[in-house]
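The values are calculated or read from the model by the stated rules, or taken from the named source; none is laboratory data. Since the structure is predicted, the reported quantities are computational estimates derived from the model, not experimental observations. Ligands, DNA and RNA are excluded from the accessible area calculation, which covers all protein heavy atoms including side chains. Shrake-Rupley method; radii C 1.70, N 1.55, O 1.52, S 1.80 Å.
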Amino acid sequence: MSTEPAKSKPKSVGTDPSQHRVSARKVLAEGEPQNLDSAYSCALLNDTSDAYIVTTFHDSGWAAEIWGQPPGATIYMKPGWKAFLDPVNCEDVLNQDEHGNSESYGGGWPFTTQANSTYHFSSKSF
């Protein structure tokens with residue numbers, strides 16, 4: 001004789017046909033990235049025809065990572081990182097003398113990565 005309680009039959013749950021099923025599959029377009037790590041939920045999308053240098057920074061101000069990002073490339077990052085975007089167009093210069101005095105020319109764009117968002121290089125915004 002079994003001492004386990006009787007199991008009831010699961011009830012059918014109605015679904016909203018306008019919502020996508022969790023098990024639905026998606027065919028990725030050529031070059032479309034896929035990110036399976038939700039901790040890296042901020043996409044940096046170079047949607048321009050120019051290459052860029054991206055630098056991330058620790059809270060102390062020291063550089064953490066630096067990479068070149070060519071046109072069309074998407075990189076995923078954790079949210080909350082401080083980053084700086086520099087165009088690779090030979091118009092940006094940093095001159096520093098032996099005393100630590102520096103002058104810079106050109107422009108770059110600072111930003112902080114945000115969860116579940118895409119930073120577009122073309123508009124320099126999320």
What does the accessible area of residue 60 come to, in Å² to the nearest 10, when a probe of 1.4 Å is used? 90 Å²
Cut-off under 5 Å, modelled amide H: who pairs with residue 73 long-range: 46
Probe 1.4 Å, all protein chains in place: accessible area of residue 59 in Å², nearest 10? 140 Å²
